[in-house]
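Student: One structure, pasted below without further comment.
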Amino acid sequence: MSGLLVIAEQRRGELRPVSLELIGAAQTLKRAQDTVAVAIMAAAPSRFVQPLQLAGVDEILAVKTVSEEFDPDTFETVVAALIAERRPDVVLVAHSVDSFGYAPALAARLGLGFASDVFKAERIDGALIATRGGYGQKVNVEVDFPGRDSVLLALRANVFKPPEQAGAPRVVELAAAPVSSRSVGRGFIELAAGDDVDMTQAEFILTIGRGIGEESRVAQFRELADALGATLGCSRPIADAGWLPKSRQVGQSGKTASACKLYIAMGVSGAIQHLAGMKHIATIVAVNSDAGASIFGVAKYGIVGDIFEIAEELRRNF
Amino acid sequence: MKILVAVKQVAALDEDFTIRAGGRDVDEDYLLHDLNEWDDYSLEEAVKIKEAAAQPAEAAAQPVEVVVVTVAPDRADESLRKCLAKGADRAIRIWDEAVAGSDPIAIARILAAAARQESPAMLFAGVQSSDQAFATTGIAAAAFLGWPHAAVVSSLAYAPGAARAVLRRELEGGLLQEVEIQCPAVLSIQLGINTPRYASLRSIKQAAAKPIEVKSLSDVGLGAADVGEAGSASRVRRMLIPDKGRAQLIEGDAPAQARRLAEIIREFKGGAP
């Protein structure tokens with residue numbers, strides 16, 4: 001068995017950027033004799049072929065499916081068939097919501113080696129080693145896959161570098177075998193705006209997290225954000241509790257703070273889902289009473305202290 | 001009819017932990033155990049369905065039994081009691097020394113075996129565990145059962161015993177997808193789908209009388225080769241303590257720290273167009 005199979009992702013007509021990162025990861029794992037095949041599934045897959053034509057890709061498999069969007073039964077069936085036919089020793093998918101919906105099932109069904117949320121993958125003395133986080137990302141866990149001829153890795157987004165150079169891979173058009181899907185997508189719903197704020201446009205964001213403890217404390221930070229000229233944002237627990245509208249949630253399932261340049265996180269521990277898509281922010285300041293909080297790992301500046309006291313003192317400066 | 005809820009007792013790390021001899025896990029003395037945060041939501045979702053079916057207006061509805069199942073040694077009984085206090089009717093705990101070192105795929109195999117015996121109308125699991133965060137167990141269990149499945153469910157419309165359910169999956173970037181799914185199905189439940197209740201003193205007392213059934217591997221029809229390293233899709237090679245964060249700490253008392261933070265804000269504003 002040799003070679004790599006990369007499963008690219010698209011949604012609503014757009015290639016998901018993580019697809020290119022998977023190709024970058026495939027390049028680093030590729031040995032001299034390996035070929036890299038990239039599969040894309042869609043009702044009209046040809047439109048996604050061009051952006052996948054990157055250096056290091058030998059083949060693009062444009063798989064025509066009945067359903068335009070992700071469907072677990074289709075993905076499982078198509079990828080299982082590709083694995084059976086091509087016998088790749090490494091299959092790369094994104095650690096994404098769609099992959100959550102089929103990759104573990106595929107690994108279980110085919111008896112593949114499997115690890116998810118992998119942020120480092122390498123070959124050491126010929127053996128594939130994957131690194132992921134453990135105990136709330138407080139430790140790094142290296143895993144291997146003894147006795148497995150084929151290993152499925154779900155890679156974390158925003159970690160692996162996409163290739164910069166174009167390539168000239170062979171394009172193979174395939175049609176998926178008919179699948180009777182046991183679940184049917186009925187369409188997409190955009191998260192309703194709770195108020196008129198657009199977190200994707202905000203350049204200066206003050207975010208509050210679980211550390212504020214009580215709903216009654218929200219007002220203090222709202223007032224502080226106003227005084228600073230910052231947009232008030234929040235982490236998931238605050239939105240889930242209904243203390244701030246969902247439109248203010250920053251992180252993987254909320255809005256990406258794509259325009260943000262200064263980000264002050266108060267009482268945010270920094271779950272990996274919250275930190276997703278923050279690498280571009282020039283200045284992150286974390287204020288947290290827990291010196292071990294993960295957020296200090298991505299912040300430029302850190303203040304270990306009581307967030308209410310810091311908030312009060314900061315307010316005096318404006 | 002029955003809803004089976006797979007739960008996990010997770011471990012958080014104490015402040016100054018060490019890696020134990022052999023380098024493959026954290027020294028157990030530094031682990032603080034609690035019920036996985038996601039499981040609070042999947043249990044609540046099952047209990048809500050049970051309570052709705054018990055309303056007088058729903059006289060035609062079948063009564064719903066909520067059963068929690070976990071794969072863990074006896075320390076997890078504490079978490080199971082918590083589930084029983086929050087509305088589960090009974091609990092199953094499966095354990096065997098051979099299970100130690102199992103990855104989520106092996107755990108899923110055990111849960112699927114237990115589900116086969118219970119034949120529920122639905123199996124719920126949390127999207128992921130807060131400690132190892134594989135986001136794997138529930139959907140892998142669906143594969144072993146051969147059931148339809150949906151991941152990251154953030155709302156659910158399901159009448160007990162119905163042939164289909166309608167749900168919403170929470171995708172990235174504030175997007176939801178509505179899906180109709182055949183039942184029985186495995187659903188991985190996302191945070192925020194409901195507001196989990198607190199256990200009342202009375203319900204905690206009542207929970208003490210509810211049964212926790214302890215099963216061995218052979219009780220669910222599995223053997224040592226199905227679990228542990230042999231039955232897992234990955235093996236922990238070693239655990240490492242990563243380099244500490246690179247944040248530059250702002251020192252001093254609170255007023256001094258706040259003054260420095262104010263400077264950073266002013267620098268940004270000065271430079272902003």
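The values are calculated or read from the model by the stated rules, or taken from the named source; none is laboratory data. From a predicted model like this one, the values you see are computed outputs, not experimental measurements. For neighbour counting, all protein chains shown are included, and Cβ atoms are generated from backbone atoms with ideal geometry for every residue, glycine included. Only protein heavy atoms, including side chains, enter the accessible area calculation; ligands, DNA and RNA are left aside. Shrake-Rupley method; radii C 1.70, N 1.55, O 1.52, S 1.80 Å.
Student: Counting only residues that are touching a helix residue (DSSP H, G or I) at 6+ places or on another chain (Cβ under 9 Å), open to solvent by 20 Å² or more (accessible area, probe 1.4 Å) and away from every other protein chain (no Cβ under 13 Å), which one in the stretch A:65-103 is nearest to B:Q132 (Cα to Cα)?
Tutor: My answer is A:A84.
Matching residues to (1) assigned to a loop (DSSP other than H, G, I, E, B); (2) open to solvent by 40 Å² or more (accessible area, probe 1.4 Å); (3) within 22 Å of A:Q10 (Cβ to Cβ):
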{"position": "A:A105", "(1), (2), (3)": "no, no, yes"}
{"position": "A:R109", "(1), (2), (3)": "no, yes, no"}
{"position": "A:R132", "(1), (2), (3)": "no, no, no"}
{"position": "A:N140", "(1), (2), (3)": "no, no, no"}
{"position": "A:K161", "(1), (2), (3)": "yes, yes, yes"}
{"position": "A:V171", "(1), (2), (3)": "no, yes, yes"}
{"position": "A:R186", "(1), (2), (3)": "no, yes, yes"}
{"position": "A:D198", "(1), (2), (3)": "yes, yes, no"}
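Student: Residues of the stretch B:40-74 being of a type in the set (D, E, K, R) and outside any helix (DSSP H, G or I), which ones?
Tutor: Of the residues in the stretch B:40-74, the ones of a type in the set (D, E, K, R) are B:40, B:44-45, B:48, B:50-51, B:58, B:65, B:74.
The one that is of a type in the set (D, E, K, R) and outside any helix (DSSP H, G or I): B:E65.
Student: Restricting to the stretch A:250-303, what's the tally of residues that are part of a strand (DSSP E or B), in contact (Cβ under 8 Å) with a residue 40 or more places away in the chain and open to solvent by less than 30 Å² (accessible area, probe 1.4 Å)? Reasoning before the result, please.
Tutor: Keep residues of the stretch A:250-303 that are part of a strand (DSSP E or B), which gives A:250, A:255, A:262-266, A:283-288, A:301-303.
After this cut, where a residue has to be in contact (Cβ under 8 Å) with a residue 40 or more places away in the chain as well, the list is A:250, A:255, A:262-266, A:288.
Narrowing further to those that are open to solvent by less than 30 Å² (accessible area, probe 1.4 Å): A:250, A:262-266, A:288.
Final tally of qualifying residues: 7.
Student: Further question: Go through the stretch B:75-123 and count every residue that is assigned to a helix (DSSP H, G or I) and either open to solvent by less than 20 Å² (accessible area, probe 1.4 Å) or touching a residue at least 24 places away in the same chain (Cβ under 8 Å) (or both). Steps first, please.
Tutor: Within the stretch B:75-123, the subset assigned to a helix (DSSP H, G or I) is B:75-85, B:97-99, B:104-118.
Okay, now just the ones that are also either open to solvent by less than 20 Å² (accessible area, probe 1.4 Å) or touching a residue at least 24 places away in the same chain (Cβ under 8 Å) (or both), so B:75-85, B:98-99, B:104-118.
So the answer is 28.
Student: Okay, next question. Does A:L206 count as within 11 Å of another protein chain (Cβ to nearest Cβ), within 18 Å of A:V285 (Cβ to Cβ) and either surrounded by 14 or more Cβ atoms within 10 Å (Cβ to Cβ) or β-branched (V, I, T) (or both)?
Tutor: yes
Student: Take the stretch B:159-187 and flag every residue that is in contact with a Ser or Thr (Cβ under 9 Å, 6 or more places away or on another chain), open to solvent by less than 10 Å² (accessible area, probe 1.4 Å) and more than 7 Å from every other protein chain (Cβ to nearest Cβ).
Tutor: B:L167, B:A185, B:L187
Student: Considering only residues that are on the phi > 0 side of the Ramachandran plot and more than 7 Å from every other protein chain (Cβ to nearest Cβ), which ones fall in the stretch A:104-147? If you could, list the steps in order and put the result at the bottom.
Tutor: From the stretch A:104-147, those on the phi > 0 side of the Ramachandran plot are A:111, A:117, A:125-126, A:135-137, A:147; that's our starting set.
Listed by number, the residues that qualify are A:G111, A:D125, A:G126, A:Q137, A:G147.
Student: Let me ask something else. Kindly indicate the residue of the stretch A:34-58 that is in contact with a Leu (Cβ under 7 Å, 6 or more places away or on another chain) and part of a helix (DSSP H, G or I) and also most open to solvent (accessible area, probe 1.4 Å) among those meeting that condition.
Tutor: Ranking the qualifying residues of the stretch A:34-58, first place goes to A:P51.
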